[in-house]
Amino acid sequence: MIAVLIEVLLPIAVVASAGFALRRAFPLDLMTLNRLMIYGLSPALIFVALVRADLSGPDAGRMLFFAVGVLGLMALTVWISALGLGLRGKDVTALLLTSMFMNSGNYGLPASRFAFGETGFTLGVFYFIMQSIMAQTLGVGVAAAGAAEGGRQAWQSICYRLIRMPQIYAVTGALALRSVGFQPATATGLIHSLFEGVALLSEAALPVMLLILGVQLGAGAPLVRPGMVAIATTIRLVISPILAFGLARLLGMEGVALGVGVMMAGMPTAVNTTILAIEFDTRPQLVVSTVVVSSFASLITLSVLLSLVR
């Protein structure tokens, strides 16, 4: 466990801590940083990773299906927990947001590279893509339902967010480039130069992701409803990877794919859930508190988890 903490999580903590310190020292514009990542660096990272990836094996498809399966298991877990605890309305919605959607990008992708190398990183990208799509579609639907904004308005919001997702166009572009036989190692000319430019942009993505994570945590938030935060954090960091392990074995995942999948399922609550919680007024302070607590607690839980699955 100590070895995992030093080899995998300490490098992540160093970069995130730099972002944390910068946010404490300067009034950084978090919205601008998020847009830089979402619309610039993240699409470049996905595009380059998919162009370079080996898609011949079954692991890529399994990882996509696995990501959806984990989300479904989390929804079921929250539903059962809500029944047992007598939760209603926005409390259930907040618990769904904090339990279903994990930080597979800013935190998960760097961790997958440090823990499992380039193969693990590529599989982590597939998980991240599916999670991003589900967060911007199903996540919007969940938040809108909690705010009693169903029907046409919710669907319009979902469709609007979906067509604005640059990750979808990055995936489409990468697959189109692969379909014409493009190989980065042997390509020459204009297309190769353009690809190298995008690749250079993608190399900035992981460190900037961690800086943004630190900046987000550095913004701070008062802890509210500690009992609910504890429940949400336990579901996200403990129950989720346990259920994910069972699902992964059921799907025949093993080796690096198994390790990456279970690790991603054990990531803390996605920071972007706070945006949905604020926009639809679904217990935003509770969601923010869970993001902060689960992020710091994950240093311990992920150390244990990775020592078991690596």
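Couple of notes before you dig in:
- Answer from Val271, Val291 - the residue that is under 16 Å from the mean Cα position of the chain (by Cα) and in a loop (DSSP other than H, G, I, E, B): Val271
- All of Leu87, Leu138 fail the test of being assigned to a helix (DSSP H, G or I) and more than 21 Å from Val15 (Cβ to Cβ), apart from Leu138.
- Being modelled with pLDDT of 90 or more, over 16 Å from Ala111 (Cβ atoms), aliphatic (A, V, I, L, M) and in a helix (DSSP H, G or I) is a property that holds for Ala248.
- Residue within the stretch 220-236 that is in contact (Cβ under 8 Å) with a residue 60 or more places away in the chain, of a type in the set (D, E, K, R) and either in contact with a helix residue (DSSP H, G or I) (Cβ under 7 Å, 6 or more places away or on another chain) or farther than 24 Å from Glu7 by Cα (or both) present: yes
- Search result, residues across the stretch 7-57 that are assigned to a loop (DSSP other than H, G, I, E, B), without any contact (Cβ under 8 Å) to a residue 40 or more places away in the chain and over 15 Å from Ile212 (Cβ atoms): Pro27, Ser56, Gly57
- Selected residue (criterion: surrounded by the most Cβ atoms within 10 Å (Cβ to Cβ)) from residues of the stretch 1-29 that are touching a helix residue (DSSP H, G or I) at 6+ places or on another chain (Cβ under 6 Å) and more than 24 Å from Ser112 (Cβ to Cβ): Arg23
- The combined condition, being polar (S, T, N, Q), part of a helix (DSSP H, G or I), under 22 Å from Gly72 (Cβ atoms) and touching a strand residue (DSSP E or B) at 6+ places or on another chain (Cβ under 6 Å), is not fulfilled by Ser240.
The rows are residues; the columns are (1) modelled with pLDDT under 90; (2) under 20 Å from the mean Cα position of the chain (by Cα); (3) of a type in the set (Asp, Glu).
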{"position": "Ile2", "(1), (2), (3)": "yes, no, no"}
{"position": "Ala16", "(1), (2), (3)": "no, yes, no"}
{"position": "Gly19", "(1), (2), (3)": "no, yes, no"}
{"position": "Asp29", "(1), (2), (3)": "yes, no, yes"}
{"position": "Arg35", "(1), (2), (3)": "yes, yes, no"}
{"position": "Leu50", "(1), (2), (3)": "yes, yes, no"}
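- In the stretch 275-291, residue farthest from Met228 (Cα to Cα) [restricted to those that are among the hydrophobic types (A, V, I, L, M, F, W, C) and touching a strand residue (DSSP E or B) at 6+ places or on another chain (Cβ under 9 Å)]: Val291
- Output for the stretch 252-296, where each listed residue is surrounded by fewer than 19 Cβ atoms within 10 Å (Cβ to Cβ) and either touching a residue at least 24 places away in the same chain (Cβ under 8 Å) or at negative phi (or both): Gly252, Glu254, Ile275, Ile278, Glu279, Asp281, Gln285, Phe296
- Counting the residues of the stretch 169-187 that are part of a helix (DSSP H, G or I) and surrounded by 10 or more Cβ atoms within 10 Å (Cβ to Cβ) gives 10.
- Note on the stretch 233-258: residues that are closer than 18 Å to Asp59 by Cα and out of contact with any Gly (no Cβ under 7 Å at 6 or more places or on another chain) amount to 10.
The values are calculated or read from the model by the stated rules, or taken from the named source; none is laboratory data. Just so we're clear, the structure is a prediction, and the values are computed from it rather than from any experiment. Glycine gets a Cβ as well: all are built from the backbone with ideal geometry, and neighbour counts include every protein chain shown.
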